[in-house]
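The structure appears below as structure tokens.
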Amino acid sequence: MLETIEQKIRALRAELRQHNYNYYVLDQATISDYEFDLKLKTLEKLETENPQFFDVNSPTQRVGGFVTKNFNTVVHKSRMYSLANSYSFDDLKEWENRIAKVIEAKVLYTCELKYDGASINLVYQNGQLVRAETRGDGVQGDEITANVRTIKSIPLVINQNFTDEFEIRGEIIIPLDGFNKMNEERLESGEDAYSNPRNTASGSLKLQDSAEVAKRPLDCLFYQVIGSKLPVDTHFKALELAKKAGFKIPNTLKICKNIDEVFEFINVWDKKRHELPYETDGVVIKVNSLQQQEELGFTAKIPRWAIAYKFQAEQVLTVLKEISYQVGRTGAITPVANLEPVQLAGTIVKRASLHNADQIAKFDIRVGDTVFVEKGGEIIPKIVGVDLKKRPKNSLPTAYITHCPDCHTKLIRTEGDAKHFCPNEYGCPPQITGRIQHFISRKAMNIDGMGAETVELLFKNGLILNYADLYDLKASQIIPLERMAEKSAENIIKGIEASKQMPFEKVLFALGIRFVGETVAKKLAKHYKNIDNLMCASYENLTNVDEIGEVIAKSIIDFFNDLSNIQIINKFKYLGLQLELTQKSREHETEKLIGLTFVVSGVFEKFDRNGLKKSIEDNGGKISSSISKNTNYIIAGDNMGPSKQEKALSLGVPIITEDDYLKMIE
Ligand code: AMP
Ligand code: ZN
């Protein structure tokens with residue numbers, strides 16, 4: 001029997017939905033990303049050719065693109081309550097007593113982790129997501145459906161329609177892995193790191209462009225189903241049902257027969273929470289029976305049938321010895337707290353980030369203060385308060401610096417920027433060396449034989465003032481410097497010379513244009529093909545390129561409006577750096593490996609390592625430095641490390657030889 005187009009579209013959607021679920025909810029993909037992409041492209045094509053079958057809940061709509069200027073306010077069908085907090089087992093016993101006064105029968109409890117993100121209410125009708133709402137003030141919130149549709153672990157259409165209409169509540173979070181990766185990328189492109197996953201998650205939900213939201217590593221963990229005709233009588237069963245329908249419900253959920261079992265659950269997770277892939281700040285305990293929940297009811301703000309137990313954040317007290325100020329390569333100033341070293345969550349902490357002037361003012365942090373230091377999801381610990389009782393009598397409020405600590409230029413702070421900046425771009429030593437250090441770094445020009453200290457040394461001795469000066473260096477100038485020998489000087493010169501062969505997109509990234517990270521640089525190189533096209537591109541032209549927004553476009557225009565940058569580019573042209581996509585590199589380019597991620601390990605015969613990596617990228621593949629469940633293949637040469645082999649085995653990632661690889665790209 002011949003399938004109609006509509007049947008074909010339906011079947012593809014169902015299949016892709018299932019794969020989405022396997023990947024994002026179960027964490028067990030059954031096809032490669034490559035196959036997934038092919039199917040998605042097929043569906044996209046069918047949908048474009050047959051617009052009468054458009055469906056907002058199609059898997060193709062996950063990429064977003066819908067822009068909301070103002071979010072509509074919606075009144076929640078049932079109120080979104082907050083939770084009573086408790087901080088001790090005594091508090092919980094009191095809660096149990098209060099319940100016993102209302103309910104005579106036996107009470108069972110459920111324990112769940114308290115996910116730390118932004119709450120969301122989703123409305124489903126006839127098995128389809130129709131609306132997503134923020135909590136707002138509990139009575140009414142913002143409608144953010146377009147943004148929520150892009151979160152891949154949220155089902156747009158459910159497997160099992162257990163009632164015609166229901167609401168489900170959950171917490172939108174950013175898992176730590178994704179958060180750290182996103183921050184690394186931001187730092188690389190000269191942007192500030194986000195300070196914590198929770199704020200970033202809730203901020204992401206309110207972005208106007210849903211295509212931007214789609215790029216954020218958002219996830220959603222669910223904790224409550226509401227519906228008048230639910231075919232269940234307990235909270236636990238409701239969540240089980242939701243799980244079957246395709247919602248992500250962590251399996252940490254547990255039924256406890258009495259309050260002692262609740263205490264046990266808390267004790268276990270107080271320790272184990274550090275192993276979780278996301279942040280949690282406590283446990284939520286709920287009365288399991290829906291009938292009993294109804295009997296207990298609500299106060300004005302909170303349900304009487306649930307309570308949150310807050311874990312003590314890992315916090316220590318220590319003395320703030322000094323505030324120092326760092327100047328980044330973009331001129332951004334970051335205040336840093338230098339602390340009396342102290343043990344915290346398994347590491348010795350000596351420094352904590354103070355973020356910016358507002359942060360210092362907010363807590364009135366002063367040198368000599370005894371401060372509370374906490375470790376959350378962030379890489380660097382933070383100061384969360386001051387023990388005022390311990391404040392020295394003669395202490396003075398912190399006067400934030402007004403001038404650059406390195407070049408003494410008056411700092412500026414533009415509206416909307418949290419940070420102060422040193423505007424002395426070409427005269428401020430840490431900005432000068434920072435840009436050169438970025439230029440030589442591994443992901444940029446990858447200049448062998450040079451490190452951050454070498455740059456400082458060369459700069460201090462007046463040999464380089466910008467990255468173009470590197471190409472004028474002679475071994476005879478380097479040899480006389482501290483800790484330098486003939487051999488190391490020669491290596492430096494060789495490394496610099498070799499960098500002239502670095503492909504265009506690396507050069508583009510190395511230039512250090514603010515907001516132009518690795519990915520953007522690749523995009524630009526592919527689109528504009530050579531530096532002249534890019535330099536001539538207008539603002540409108542730039543913003544028309546996929547993924548290039550206003551901020552990036554403006555930054556690129558500013559960069560090329562600067563005469564000294566033009567001089568550098570001209571010098572690069574003269575020196576023979578790669579300022580265009582070479583014919584050769586384009587000839588080899590295919591899309592055979594799109595969607596596949598490779599890890600390269602060991603020594604190879606037919607390729608050198610960088611050559612192999614380049615070949616993977618040229619064919620559309622991605623390279624990762626460590627093996628994870630997202631790795632599709634490991635290409636192993638001689639001497640592949642045993643720990644990598646073990647990891648590959650345990651995750652079931654196939655290990656292939658370079659010959660296998662060559663066959664793949666044939
Ligand atoms: P609070 O914001 O401190 O009043 O705490 C209430 C919020 O905790 C709710 O609005 C939810 O967004 C959030 N929450 C996180 N995990 C859970 C959970 N397992 N059960 C209920 N609420 C949760
Ligand atoms: Zn400065």
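Structure notes:
- The stretch 37-96, subset under 28 Å from the mean Cα position of the chain (by Cα) and charged (D, E, K, R), residue nearest to W305 (Cα to Cα): R62
- G385 away from ligand 2 (no atom under 16 Å from the Cβ) and without any contact (Cβ under 8 Å) to a residue 12 or more places away in the chain: no
- Candidates A418, A357, filtered to the one that is in the same structural domain as E340 (by TED's automatic domain parsing), modelled with pLDDT under 95, of a type in the set (G, A, S) and surrounded by 12 or more Cβ atoms within 10 Å (Cβ to Cβ): A357
- Residue satisfying all of: in the stretch 611-625; assigned to a loop (DSSP other than H, G, I, E, B) and touching a Ser or Thr at 6+ places or on another chain (Cβ under 9 Å); surrounded by the fewest Cβ atoms within 10 Å (Cβ to Cβ) among these: S624
- Boolean, A105 is among the small types (G, A, S) and closer than 30 Å to R273 by Cα: no
Rundown of residues vs (1) among the hydroxyl-bearing types (S, T, Y); (2) farther than 28 Å from E505 by Cα; (3) not assigned by TED's automatic domain parsing to the domain that holds E617, yes/no style:
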position	(1), (2), (3)
T398	yes, yes, yes
H403	no, yes, yes
I412	no, yes, yes
P423	no, no, yes
I436	no, no, yes
S441	yes, no, yes
I447	no, no, yes
T454	yes, no, yes
Y471	yes, no, yes
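- Applying the criterion of at least 1 residues that are closer than 30 Å to V551 by Cβ to the helices (runs of 4 or more DSSP H) found wholly in the stretch 206-301 leaves 210-215.
- Qualifying positions in the stretch 626-641 - assigned to a loop (DSSP other than H, G, I, E, B) and over 25 Å from K181 (Cα atoms): G637, N639, M640
- Any chance I103 is closer than 19 Å to I302 by Cα, over 31 Å from the mean Cα position of the chain (by Cα), at pLDDT 95 or above and β-branched (V, I, T): no
- If you check K244, K181, K272, K206 for being at pLDDT below 95 and within 21 Å of M80 (Cβ to Cβ), only one passes: K206.
- Restricting the first member to the stretch 422-439 and to residues that are in contact (Cβ under 8 Å) with a residue 40 or more places away in the chain and farther than 14 Å from L458 by Cβ, and the second to residues that are near ligand 2 (Cβ under 7 Å from one of its atoms) and assigned to a helix (DSSP H, G or I), the beta-carbon pairs closer than 7 Å and six or more apart or on different chains are C422/Q431; E425/Q431.
- Flag for D233 being in contact with a Ser or Thr (Cβ under 9 Å, 6 or more places away or on another chain), among the acidic types (D, E) and in contact (Cβ under 8 Å) with a residue 24 or more places away in the chain: yes
- Considering residues of the stretch 372-386 that are modelled with pLDDT of 85 or more and touching a Pro at 6+ places or on another chain (Cβ under 9 Å) only, the residue surrounded by the most Cβ atoms within 10 Å (Cβ to Cβ): V373
- When every residue of the stretch 6-13 is checked against the conditions, none turns out to be within 16 Å of ligand 1 (Cβ to nearest atom), assigned to a helix (DSSP H, G or I), more than 26 Å from E212 (Cα to Cα) and not polar (S, T, N, Q).
- Only one of the listed residues (G637, G641) is buried (at least 16 other Cβ atoms within 10 Å of the Cβ), of a type in the set (G, A, S) and over 21 Å from the mean Cα position of the chain (by Cα). That residue is G637.
- Some residue of the stretch 402-425 being outside any strand (DSSP E or B), more than 32 Å from the chain's Cα centre (by Cα) and of a type in the set (S, T, N, Q): yes
- Residue within the stretch 419-434 that is of a type in the set (D, E), at negative phi and within 16 Å of ligand 2 (Cβ to nearest atom) present: yes
- Taking the listed residues G368, G297, the one that is surrounded by fewer than 20 Cβ atoms within 10 Å (Cβ to Cβ), under 30 Å from L221 (Cα atoms) and away from ligand 2 (no atom under 16 Å from the Cβ) is G297, with no other qualifying.
The values are calculated or read from the model by the stated rules, or taken from the named source; none is laboratory data. Just so it is clear, the structure is predicted and the values come from calculations on it, not from any experiment. Using ideal geometry, Cβ is built from the backbone for each residue, glycine included, and neighbour counts are taken over all protein chains shown.
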